[in-house]
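The values are calculated or read from the model by the stated rules, or taken from the named source; none is laboratory data. The shown structure was predicted, so the numbers you read here are calculated from the model rather than taken from an experiment. For neighbour counting, all protein chains shown are included, and Cβ atoms are generated from backbone atoms with ideal geometry for every residue, glycine included. Side chains are part of the model used for accessible areas, which takes the heavy atoms of the whole protein and leaves out ligands, DNA and RNA. Shrake-Rupley method; radii C 1.70, N 1.55, O 1.52, S 1.80 Å.
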Amino acid sequence: MEGCAVERVLMGPAAAGGTRRATGVVARVARCDGAPPITITLKARRAVVLAAGALHTPCVLLRSGMRNPHVGKHLRLHPVTGVTAKFFGDEVRAYEGAPMTTVSDVCADGPAGDYYGAKLEVPSTHPGLMAACLPWTSGLAAKQNFLDLNHAAAFIVLQRDKGEGHVALEPSDKMKPAVHYTLSRHDRESMIDAMQHAVRIFAASDPDEVATLHVQETSTAALRGAASEAEKTARVEAFNARIRARGLANHAAGLFSAHQMGTCRMGASPATSVIDKDGECWECDDLYIADASTFRLPPGQTRW
């Protein structure tokens with residue numbers, strides 16, 4: 001139903017010695033004329049299934065009066081940054097074809113060897129995606145970046161985050177989630193290491209330049225034109241040293257979330273989770289969750 005937002009889950013009284021039972025939902029439906037939304041009630045015949053995603057599913061539970069301490073906690077985001085390269089002598093056209101192609105696991109184990117590392121993935125360079133990702137320095141620079149898209153390629157650095165955040169109700173509008181997440185030191189270090197690997201991989205393909213998504217200072221290194229391989233290697237490592245020095249401080253570089261997970265985790269006990277092995281809420285019978293909020297950990301390789 002378009003323009004419909006679930007406000008809360010309706011629950012019937014608990015049977016003797018049992019928990020409450022989900023009987024339906026109350027929802028708001030937006031009106032085309034801009035008037036206040038219409039409130040509707042939907043009755044469930046057998047069960048209610050929530051699938052609003054890791055940001056909104058816990059909010060529905062909180063608005064429904066759920067008190068499990070794990071509701072909204074353990075948010076994982078698969079944080080992402082990127083490295084780009086330009087090959088002015090070639091037509092790359094990475095905005096054509098499959099939206100995601102090659103994946104490298106060279107950094108998947110992570111610098112600490114704990115399997116909380118990063119994947120290097122080759123995404124599309126569709127203009128809409130690049131407009132959202134590339135750092136803004138000036139209108140002229142933005143125009144030039146778009147003119148260069150035929151010659152551009154990119155890696156995304158997708159981190160299996162060890163740190164976590166949480167989701168709560170937005171105090172000013174309880175129909176919206178308030179997301180609280182700070183990139184942990186462990187994950188910053190892993191992403192920086194993966195960015196450096198991405199620069200070296202691009203350098204082996206002899207691009208004209210490589211760049212990160214850092215803002216403010218120069219984030220580009222010219223590689224073509226080096227007098228020797230030794231000079232080229234020196235330029236690459238000097239750029240990588242600059243990446244490490246600048247790090248991934250808040251607002252220093254473009255950071256994104258690939259997937260949102262974990263805020264209604266599955267488990268064997270209400271002391272450690274929100275739902276049981278069948279996806280049913282511990283606090284309410286016939287209320288199931290079927291989205292990535294149920295993940296206990298952010299996925300990655302099979303061995304993770």
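Side notes on the structure shown:
- Taking 0.36 nm per residue of separation and subtracting the Cα-Cα distance, full extension of the segment from residue 189 to residue 226 would add 10.4 nm.
- Neighbours of residue 289, meaning other residues whose beta-carbon lies under 11 angstrom from its beta-carbon, give a summed charge of -3 when Lys and Arg score +1 and Asp and Glu score -1.
- Calculated FRET efficiency for the pair residue 16/residue 182, C-beta based, R₀ 45 Å, to 0.05: 0.50
- The alpha-carbon positions of the chain define a convex hull whose volume is 175 Å³ per residue.
- Eligible aspartates and glutamates near residue 86 by straight Cα distance, threshold 20 Å, same-chain separation 8 or greater: 96, 121, 148, 206, 208, 209, 217, 229, 231, 237
- Length-normalised contact order for the chain - Cα pairs under 8 Å, 6+ apart - percent: 24
- Fraction of accessible area attributable to carbon and sulfur, the range 29-126 (%, probe 1.4 Å): 56
- Spin-label proximity, residue 90 to the range 189-205 - amide N less than 14 Å from point 7 Å beyond Cα toward beta carbon: 201-205
- When both the range 192-230 and the range 129-181 are represented by their alpha-carbon centers, they are found 21 Å apart.
- Normalised contact order of the range 192-235, rounded percent, pairs of Cα under 8 Å and 6 or more residues apart: 27
- Carbon and sulfur %, accessible surface of the range 242-304 computed with the full protein complex present, 1.4 Å: 56
- The residues packed around residue 20, meaning those with a beta-carbon under 13 Å from its beta-carbon, carry a net charge of -1 if Lys and Arg are +1 and Asp and Glu are -1.
- Extension gain for residue 215 to residue 172 (0.36 nm times residue separation, less C-alpha to C-alpha distance): 12.3 nm.
- Entries in 73/174; 143/232; 43/73 that, when Cα-Cα distance is taken, lie over 19 Å: 143/232; 43/73
- Beta bridges assigned by DSSP with both partners in the chain are antiparallel in approximately 90 percent of cases.
- Per residue solvent-accessible surface (Å²) - the range 128-250, probe of 1.4 Å: 50
- Phi-derived couplings, Karplus 6.51 cos²θ - 1.76 cosθ + 1.60 at θ = phi - 60°, listed residue by residue for the range 82-93: x, 9, 10, 9, 10, 10, 5, x, 10, 9, 7, 6 Hz, with x used for Gly and Pro.
- Taking a sphere under 14 Å around the Cβ of residue 1 and counting the other residues whose Cβ falls inside, with K and R at +1 and D and E at -1, yields a net charge of 0.
- Relative contact order [Cα under 8 Å, 6+ residues apart], the range 1-102, whole percent: 20
- In terms of the mean number of neighbouring beta-carbon atoms within 10 Å, the peptides 82-95, 60-73 order highest first as 60-73, 82-95.
- Per DSSP, loop GluC sites (Glu not before Pro) in the range 130-216 with at most 16 further Cβ within 10 Å: none
- When peptides 256-263, 231-238 are sorted by average Cβ neighbour count within 10 Å, with the highest value leading, the order is 256-263, 231-238.
- Part-to-part distance (alpha-carbon centres) for the range 54-77 and the range 32-48, which is given in Å: 21
- Residue-averaged 222 nm ellipticity for the chain, from DSSP H runs of 4+ at -39500 (n - 2.57), nearest 500: -7000 deg cm²/dmol
- Against the criterion of solvent-accessible heavy-atom surface with a 1.4 angstrom probe, 282, 136 sort, most first, into 136, 282.
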